[in-house]
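K.L.:
Quick one: the structure is below, questions incoming.
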Amino acid sequence: MAFRITIGRKISMGFGLFIFFALLVVVLTNRTLERSRSINDEINNVYSPSVDALVRLRNLTVSSHMLIKHWALLESRSDAPEKTNLVDITNRELPQLLDRIDTLMGNWEHEEVALMGQITGEMRSLFDLHDQIKAMLPSLESYSDPFIHMQRNDIAEEGGPLDQHTHQVIADLDRLLEMQEAKRKTLGGGMIRSFDSLKFIVLYLGIALVIVGTIVAFFIVRGIVSPVQRLRSVLLSLGRGVFPRTKVRTTNDEIGDMSKALTSLVDGLRRTTDFSHAVAAGNFEAEFQPMSEEDMLGHALLKMRDELGQRERILEMKVVERTEEVVRQKEEVERQSRKVVELYKNVTDSIRYAKRLQDSILPPERRMRELLPESFVFYRPKDIVSGDFYWVERIDDRVAFAAVDCTGHGVPGAFMSLIGHNGLNQAVKEHGRSRPSDVLKVLNKLAFDALHKDREQFLVRDGMDMALCNYDPAQRVLEYAGANSPLYIVRNGEVLHFAPDKRAIGSFDLEGQVFTDHRIKLEPGDMVYLFSDGYADQFGGPKGKKFLYRRFRELLMEISKFPIEQQRSMLEEAFRGWRGAHEQVDDILVMGMRA
């Protein structure tokens with residue numbers, strides 16, 4: 001009997017050669033991997049943990065910088081989440097991370113160790129500044145101290161010592177990270193060269209593996225894989241719900257038996273699909289014959305047909321009932337909508353009329369020119385009506401003028417502005433007061449009585465911030481008193497800041513307390529500015545931050561040398577440029593007068 005090379009034997013010979021070459025590749029690969037493993041251990045045990053730790057240290061430095069800026073510039077309680085997070089970073093996370101880096105430094109080079117020592121010293125200086133801020137602002141009440149306010153601004157303002165130290169630490173950390181990354185890349189290059197040599201050695205064995213694999217694959221595909229792939233294609237199409245377009249070819253073997261069974265299944269599914277379409281179209285009289293008595297799907301479809309016919313009749317009755325109910329609900333919704341629109345229009349019309357009333361209390365431009373020829377007012381309410389207002393009145397041979405910021409804005413602020421305006425007129429005209437401190441004292445009494453009369457238990461903490469001036473044009477003497485609202489005078493390119501008393505008008509009974517008068521001899525060309533806090537508190541700019549009083553003072557110095565009308569336009573243009581797409585957050589009032 002002649003020796004036959006069967007498919008099984010051919011497959012065995014092919015796989016034998018394949019296994020031989022594969023073992024040879026494994027041996028060579030193992031040698032290369034052993035060399036690469038030592039390089040990889042150095043990368044993973046020294047430089048990768050070092051880079052991760054330094055990146056973590058950089059992130060903690062940036063996070064602590066953001067939190068200490070929040071501590072310094074935004075009033076908050078001592079148990080605020082930002083403050084507790086900063087304390088946790090300083091007392092726990094940062095010392096642990098520095099201990100971890102100190103351990104890893106044992107495998108660093110001398111230059112890297114020296115640079116890390118320099119960074120540690122810089123961080124010690126940086127966190128000394130943190131401790132100064134924490135010591136200055138231990139509680140919510142400490143934010144009200146004007147001396148502390150100036151100190152914390154000097155440290156934490158944009159570009160100040162806090163920012164400079166932080167930027168230096170981050171720059172040195174970035175330089176150390178570059179050194180660590182360079183070492184890691186150098187080791188990685190050695191590993192790549194090792195693998196390149198393996199690639200050269202294995203290339204020829206790989207070609208042999210391809211040839212042997214191609215021969216083995218040819219015989220397997222020809223005898224088994226091709227018929228199985230045709231059956232697989234049909235089954236995958238059925239799995240996606242798609243019937244095959246061509247019939248499956250049958251042979252006289254086990255694969256042929258599977259092909260016959262699959263053809264029968266496809267025919268049965270076609271009939272089932274046609275029946276389902278007929279039922280879905282509403283033909284509940286359609287006929288269907290299950291493939292056999294055991295055909296569970298076929299019998300279930302027949303039962304579904306009968307149940308759907310019954311449910312369709314019930315649903316038709318419910319649809320009629322629900323349609324009538326929806327029509328009734330629609331009519332009610334339309335009626336309520338018309339009512340809401342009408343109410344909104346009435347409220348808006350009332351507020352616009354209130355604006356006319358509020359505008360009537362503001363001095364007209366003609367009156368302003370008459371009393372203060374070299375003056376301007378930049379007035380921009382947030383809503384239709386405003387909580388800010390300005391006031392000008394002649395007292396004998398002097399001119400009194402004020403910028404007032406009432407609690408809130410919109411309708412509540414407008415009501416407060418009426419109280420403040422009437423109170424100023426009473427204090428000056430009825431009580432005969434002219435000194436700014438006396439006027440503020442009388443006004444506080446009038447406002448407190450108006451807001452807190454018959455309210456002994458629950459006091460309203462509403463009030464007014466105000467800068468009030470009394471100006472003698474002949475002598476160029478300006479008297480100023482303020483309640484939470486400072487006075488700026490720009491003289492020879494420098495801003496003179498006159499601090500107010502830290503208490504609001506009308507929010508507390510200040511019986512027995514007096515306001516402080518400032519008597520100032522103005523020089524020709526001096527610019528006097530009174531303002532509310534709306535301009536400095538506006539969010540905007542490239543990072544969406546507040547304008548702040550530092551930028552506001554710089555802006556006043558810049559525009560002070562221009563004519564009065566041009567100053568107002570420059571203020572408005574600068575405000576629009578800073579605000580951008582942000583919403584206006586508060587009413588804005590800036591008054592300017594040239595001596």
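The values are calculated or read from the model by the stated rules, or taken from the named source; none is laboratory data. Remember, predicted model here, so these are calculated numbers, not experimental data. Reconstructed Cβ throughout: ideal geometry from the backbone, glycine too, with neighbour counts over all protein chains shown.
K.L.:
Please find, among G534, G592, the residue that is surrounded by 20 or more Cβ atoms within 10 Å (Cβ to Cβ) and either on the phi > 0 side of the Ramachandran plot or in a loop (DSSP other than H, G, I, E, B) (or both).
P.N.:
Values: G592 fails: either on the phi > 0 side of the Ramachandran plot or in a loop (DSSP other than H, G, I, E, B) (or both).
Testing whether each residue is surrounded by 20 or more Cβ atoms within 10 Å (Cβ to Cβ) and either on the phi > 0 side of the Ramachandran plot or in a loop (DSSP other than H, G, I, E, B) (or both) leaves just G534.
K.L.:
Would you say S78 is in contact (Cβ under 8 Å) with a residue 24 or more places away in the chain and more than 26 Å from the chain's Cα centre (by Cα)?
P.N.:
Working: in contact (Cβ under 8 Å) with a residue 24 or more places away in the chain: yes; more than 26 Å from the chain's Cα centre (by Cα): no.
Against the criterion (in contact (Cβ under 8 Å) with a residue 24 or more places away in the chain and more than 26 Å from the chain's Cα centre (by Cα)), S78 does not qualify.
K.L.:
Another question, then. For the condition of a type in the set (A, V, I, L, M, F, W, C) and touching a helix residue (DSSP H, G or I) at 6+ places or on another chain (Cβ under 8 Å), what is the one hit in M557, M527, M591? Step through it out loud before you land on a result.
P.N.:
Values: M557 fails: touching a helix residue (DSSP H, G or I) at 6+ places or on another chain (Cβ under 8 Å); M591 fails: touching a helix residue (DSSP H, G or I) at 6+ places or on another chain (Cβ under 8 Å).
Result: M527 is the single residue among M557, M527, M591 that is of a type in the set (A, V, I, L, M, F, W, C) and touching a helix residue (DSSP H, G or I) at 6+ places or on another chain (Cβ under 8 Å).
K.L.:
A follow-up question, please. Against the definition (modelled with pLDDT of 90 or more and in contact with a Gly (Cβ under 7 Å, 6 or more places away or on another chain)), how does V385 come out, yes or no?
P.N.:
Numbers: modelled with pLDDT of 90 or more: no; in contact with a Gly (Cβ under 7 Å, 6 or more places away or on another chain): yes.
Spelling it out, it is not the case that V385 is modelled with pLDDT of 90 or more and in contact with a Gly (Cβ under 7 Å, 6 or more places away or on another chain).
K.L.:
So which pairs qualify, if the first residue must be in segment 151-166 and farther than 16 Å from V62 by Cα, the second must be of a type in the set (S, T, Y), the Cβ gap must be under 9 Å, and the two must be at least 6 apart or on different chains?
P.N.:
Cβ pairs passing all conditions: R152/Y143; N153/Y549.
K.L.:
Still on this structure: So is V490 crowded, with 19+ Cβ neighbours inside 10 Å and in contact with a Leu (Cβ under 9 Å, 6 or more places away or on another chain) or not?
P.N.:
On the way: crowded, with 19+ Cβ neighbours inside 10 Å: yes; in contact with a Leu (Cβ under 9 Å, 6 or more places away or on another chain): yes.
Considered against the rule, which asks whether it is crowded, with 19+ Cβ neighbours inside 10 Å and in contact with a Leu (Cβ under 9 Å, 6 or more places away or on another chain), V490 comes out as yes.
K.L.:
Same structure, new question: Being farther than 25 Å from E34 by Cα and among the small types (G, A, S), is that true of even one residue in segment 160-170?
P.N.:
As a first pass, look at segment 160-170 and keep what is farther than 25 Å from E34 by Cα: 160-170.
Retained after the next criterion (residues that are among the small types (G, A, S)): 160.
Within segment 160-170 (the criterion being farther than 25 Å from E34 by Cα and among the small types (G, A, S)), the answer is yes, since at least one residue qualifies.
K.L.:
Could you tell me which of the residues G544, G506 is surrounded by fewer than 17 Cβ atoms within 10 Å (Cβ to Cβ) and of a type outside the set (D, E)?
P.N.:
On the way: G506 fails: surrounded by fewer than 17 Cβ atoms within 10 Å (Cβ to Cβ).
Just one listed residue meets the conditions, G544.
K.L.:
Can you find a residue in segment 188-209 that is among the basic types (K, R) and modelled with pLDDT of 80 or more? It would help to see each step written out before you state the result.
P.N.:
Step one: filter segment 188-209 for residues among the basic types (K, R), giving 193, 199.
Within this subset, residues satisfying the condition of being modelled with pLDDT of 80 or more are none.
Checking segment 188-209: not a single residue is among the basic types (K, R) and modelled with pLDDT of 80 or more.
K.L.:
Which helices (runs of 4 or more DSSP H) sit wholly inside segment 74-193 and have at least 1 residues that are over 23 Å from K502 (Cβ atoms)? Spell out the reasoning first.
P.N.:
On the way: elements: 81-88, 94-104, 110-136, 146-156.
Result: 81-88, 94-104, 110-136.
K.L.:
Here's a follow-up. Would you check which residues across segment 541-589 are within 22 Å of L73 (Cβ to Cβ) and part of a loop (DSSP other than H, G, I, E, B) and list them?
P.N.:
Listed by number, the residues that qualify are G541, P542, K543, G544, F547, G580, H582, E583, Q584, V585, D586.
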